[in-house]
Structure formats: C-alpha cells, structure tokens
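**Student:** First the structure, which I've put down as structure tokens, then a few questions once you've had a look.
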Amino acid sequence: MKKNLIVGQSGGPTAVINSSLYGVISEAFQSSDTIDNIYGMENGIEGFLKGSIIDITHKISNEELEAIKTTPGAYLGSCRYKLPEDLEDEVYSKLFTAFEKLNIGYFLYIGGNDSMDTVSKLARYADSINSTIRIIGIPKTIDNDLVHTDHTPGYGSAAKFVAYSVREIALDASIYDTKSVTIVEIMGRNAGWLTAASVLARKHENDNPVLIYLPETDFNKEAFISQLNQHLEVTNNLVVCVSEGLHDASGNFVCENETCTEVDNFGHKMLNGCGKYLENLVKNHLNVKVRSIELNVTQRCSSALLSLTDLSEAAIAGKTGVKAALNGATGQMVAFKRISDTPYQLTYELVDVNEICNQEKRIPLEWITKQGTDVSNDFISYVQPLIQGNISVSLEDGLPVFAYRK
C-alpha cells in the first residue's frame, strides 16, 4: 500500500534550504508508484502539532517548484521547537497519532543541529512503538558545525557572500589616506567556519582582512589592541573580521560586555553586540577612525550570490534523503564525504543521527595561525571549492522572482 511523505524545515534558514526542499519534493514526485501524497509542515514540527500542513501534491505546480529552488528563507516556514527529552511525554503519541491519520510513511526534516535532535527523538520513539515510519534528516546550516559530514548545505553560499562582502568593505575602507579600523562581525557562536571564509576576500598576502578572530581560541582584548597597533604601523586601513561568539579565557562572550543576552528554546545565548563592543574598545584605546559592521541575516538570506556547488549539493541531499527512506533507512542523516579537493569530488552517505545531534564541529586548531589571528592554506583549500559557480535568479522589473507560501 502506498504511503504519504511529509517534509518540514526547522531552525535558521539558509540561501539553499529550499533547494533541499526542492530535492525532496521532486524526488517524491518521481516516486509516485510508492508515495501517494506529499505534505509540508508549516513552521516545522511546532506547526504540525497545531495542525498546520500544506498539500504539496495538489497545490505546488512545476513552475512554483522551480522558483522554490532559488528562493531564500524557509518556504514552509520554520520553528525552534524542542521536543521533550522524555519519550513518554504525551506529545509523541499525539504526533504519531496524527502521522497515522495522514497515512505518513516517510518523514523528512531539513535543519541543523537542533533539528537533528528532533529527528533523533522521533526515530527513537518510532522504534519504541514498532512504527514503520522512516525518519530522515537533511542537513543545513551556514555555521557548518554538524559533525560526521564534510560540510553542510548553506555554508558555501554564506561563505561566498561573506568573502564577497568583505572584499567590497575593504575597498570602501581604503579610500581615505588616514588610519582606520573597520570591524566586520560575522555569524558563528562556537564555530568560526563562516568568519574564516572572509580570508577568501584577500587578493594577495597581507591584504585585508588583515586580522581574523574565531571562537575556537580565547580572545584577549589587550592582545587585540596590541595587534591592531602593530599592523597600523604598516597598513593605514585595517579590516578585522570577528565571529559573534568571541569569548575570553573564562568562556564569557565578548558581546556580554556590551549587552545583556537572552536564550532561545534550546538554551543557546542569543548573541549580538560583539562588533560594537570592539569598536568602542578601539575608540577608547587608539586614536584612529573606527566603525563596526554587522552582516547579520544578510549572510544567510542572500540569493544574489548563490554558489552553484552549494545549490546543487543541497538538492541532491534532499533527493538522497527520499531515496534512503524508500529503501528502508530511518534515524539517519544525509552526510557529505569529500573524496578530493582537486578536482573537487563528493559522495553522499547516511550517518546515524544520534551521533550528530547535540555536538559541534569546530575548525581544527592546526588551521588557525598567527596566534589566533589568521587561518591556514589548508582551510582555503577546504572552503574554496564550496563557493564555486554562479546562479542566475529569474528577475521581473529588475527584482528577483521568489516563491511565496500562500
């Protein structure tokens, strides 16, 4: 008997999270001999608990599906809902009763670390009640911090945006013949993958960004001022890239010196203000012009600088997830395994989601150089293939044509 498939998106969106959704839907359409209907959860598992679903099979045309592929944000809507740790909580029986009513045989969830926590809990509960629902995770995150995968969909496009933007910022900062410091704050709580990508903005050795600070190492404000002074002796206009999650040796976030921090549903501190704090620090210690720039959500929502590599891999990840579920896999996440850098080659595999959720992959310390102010050529070799290729988004009256959930 045919079963139905349901798909949802969760956590912070990326420029290619909808490409993974496209991959799931298009593969499910091609598997009509096994899959009857395709449903979408509005606002993830939280929306599903409220009864918010979309009948994708009958409401999304082929034209709209193509537009979804290059639309940023999360087409189905997202959430940051944490399922209870106790698998005997009534929410699980409620969810699986709803799955049964919809004749769900395949559940796919597109998201990052916290989303894989959801996949893990649902798969373990399904196993405890002998449910035949196949539950698969599709990775996404600009932070690139999921373990057991070479990288994650969303990171390549965000890295390209960061490098492109920092190169533009460096040109703007260099127009005056007076000493200046421009601080660029980039997303990254505990892992500095995205900030490290700013190194690609350099055109030659000692080019901006001259200094790059990542959360993998402890930040020292006295050393920071000293390093700025040292480089200002030979460079008039310094561009400095910093991760939002910079912390001191005691583990205190730098931004906590500037603002109070709140926490989300998963207990993560909501960070902001690192760049502004460092701007004031420079202002109080150095007699130079200083400004801070926070790239903020533009890092994850820009479709203008989509990486073709990233977009293609995101779609394949979605397709691979559907194929895996149809072949009986469950409690797994689609992962990337790099075969080589030159030429860049990749394969797709499945990894036990329980080995992924609630862990973080950070930049290897051996890739961080110059006393925590730069990254090595090994990192450049790692990231450069991920930003390759361009995508032409359809335009109308000079503006992008996106898909909007009705």
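**Student:** Being within 22 Å of A325 (Cβ to Cβ), assigned to a loop (DSSP other than H, G, I, E, B) and of a type in the set (A, V, I, L, M, F, W, C), is that true of even one residue in the stretch 64-77?
**Tutor:** yes
**Student:** Scan the stretch 372-406 for residues that are at pLDDT below 95 and farther than 19 Å from S302 by Cβ and jot them down.
**Tutor:** Listed by number, the residues that qualify are R405, K406.
**Student:** Restricting to the stretch 123-147, give me the number of residues that are closer than 25 Å to G73 by Cα and either open to solvent by 50 Å² or more (accessible area, probe 1.4 Å) or in a loop (DSSP other than H, G, I, E, B) (or both).
**Tutor:** First pass over the stretch 123-147, keeping only residues closer than 25 Å to G73 by Cα: 135-147.
Within this subset, residues satisfying the condition of being either open to solvent by 50 Å² or more (accessible area, probe 1.4 Å) or in a loop (DSSP other than H, G, I, E, B) (or both) are 140-147.
Final tally of qualifying residues: 8.
**Student:** On to the next question. Under the condition of being closer than 18 Å to L65 by Cβ and not small (G, A, S), which residue from the stretch 14-24 is surrounded by the fewest Cβ atoms within 10 Å (Cβ to Cβ)? Can you show your working first?
**Tutor:** Step one: of the stretch 14-24, the residues closer than 18 Å to L65 by Cβ are 15-24.
With the extra rule that they be not small (G, A, S), the set shrinks to 16-18, 21-22, 24.
Working: V16: 34, I17: 32, N18: 32, L21: 30, Y22: 25, V24: 28.
Applying the filter and picking the extreme gives Y22.
**Student:** Can you tell me how many residues in the stretch 105-122 are open to solvent by 10 Å² or more (accessible area, probe 1.4 Å) and over 21 Å from the mean Cα position of the chain (by Cα)?
**Tutor:** 1
**Student:** May I ask you to list the residues in the stretch 148-171 that are in a loop (DSSP other than H, G, I, E, B) and buried (at least 24 other Cβ atoms within 10 Å of the Cβ)?
**Tutor:** From the stretch 148-171, those in a loop (DSSP other than H, G, I, E, B) are 148-154; that's our starting set.
Matches in the stretch 148-171: H151, T152, P153, G154.
**Student:** Take R405 and tell me if it is in a loop (DSSP other than H, G, I, E, B), touching a residue at least 60 places away in the same chain (Cβ under 8 Å) and either open to solvent by 80 Å² or more (accessible area, probe 1.4 Å) or within 27 Å of T71 (Cα to Cα) (or both).
**Tutor:** On the way: in a loop (DSSP other than H, G, I, E, B): yes; touching a residue at least 60 places away in the same chain (Cβ under 8 Å): yes; either open to solvent by 80 Å² or more (accessible area, probe 1.4 Å) or within 27 Å of T71 (Cα to Cα) (or both): yes.
So R405 fits the description; yes.
**Student:** Using beta carbons and a limit of 7 Å, which pairs, at least six apart or on different chains, have the first residue in the stretch 92-121 and more than 16 Å from T152 (Cβ to Cβ) and the second one part of a loop (DSSP other than H, G, I, E, B) and at pLDDT below 95?
**Tutor:** Qualifying pairs under 7 Å: S120/C357.
**Student:** Quick one: in the stretch 48-63, which of the residues that are charged (D, E, K, R) and modelled with pLDDT of 95 or more is most open to solvent (accessible area, probe 1.4 Å)?
**Tutor:** Start the filter on the stretch 48-63 by keeping residues that are charged (D, E, K, R), which leaves 50, 55, 59, 63.
If we keep only those that are modelled with pLDDT of 95 or more too, we end up with 50, 55.
On the way: K50: 153, D55: 45 Å².
Of everything passing the filter in the stretch 48-63, K50 is most open to solvent (accessible area, probe 1.4 Å).
**Student:** Same structure again: Anything in the stretch 339-357 that is of a type outside the set (V, I, T) and surrounded by 12 or more Cβ atoms within 10 Å (Cβ to Cβ)? List them, or say none. If you could, list the steps in order and put the result at the bottom.
**Tutor:** Within the stretch 339-357, the subset of a type outside the set (V, I, T) is 340-341, 343-346, 348-350, 352, 354-355, 357.
Across the stretch 339-357, the qualifying residues are D341, Y344, L346, Y348, E349, L350, D352, N354, E355, C357.
**Student:** Between a first residue in the stretch 302-323 that is in contact (Cβ under 8 Å) with a residue 40 or more places away in the chain and a second residue that is basic (K, R) and in a helix (DSSP H, G or I), which pairs have beta carbons less than 7 Å apart while being 6 or more apart in sequence or on different chains?
**Tutor:** What qualifies is L305/K160; S307/K160; A315/K69.
**Student:** Can you pull out the residues in the stretch 215-226 that are open to solvent by 30 Å² or more (accessible area, probe 1.4 Å), farther than 11 Å from V282 by Cα and not charged (D, E, K, R)?
**Tutor:** T217, N220, A223
**Student:** Further question: Kindly indicate whether Y176 is in contact (Cβ under 8 Å) with a residue 12 or more places away in the chain, of a type in the set (S, T, Y) and in a loop (DSSP other than H, G, I, E, B). Before the answer, list the steps.
**Tutor:** Details: in contact (Cβ under 8 Å) with a residue 12 or more places away in the chain: yes; of a type in the set (S, T, Y): yes; in a loop (DSSP other than H, G, I, E, B): yes.
So Y176 fits the description; yes.
**Student:** Could you count how many residues in the stretch 82-104 are open to solvent by less than 20 Å² (accessible area, probe 1.4 Å) and either in a helix (DSSP H, G or I) or more than 21 Å from M1 (Cβ to Cβ) (or both)?
**Tutor:** We begin by selecting, within the stretch 82-104, every residue open to solvent by less than 20 Å² (accessible area, probe 1.4 Å); these are 83, 91-92, 95-96, 99, 104.
Now drop any that are not either in a helix (DSSP H, G or I) or more than 21 Å from M1 (Cβ to Cβ) (or both), which leaves 83, 91-92, 95-96, 99.
The total comes to 6.
The values are calculated or read from the model by the stated rules, or taken from the named source; none is laboratory data. On a predicted model such as this, the values are computed, not experimentally measured, just so you know. We place every Cβ from the backbone using ideal geometry, glycine too, and count neighbours over all the protein chains shown. For the accessible areas, the whole protein counts, side chains as well, though only heavy atoms, and no ligand, DNA or RNA atoms are used. Shrake-Rupley method; radii C 1.70, N 1.55, O 1.52, S 1.80 Å.
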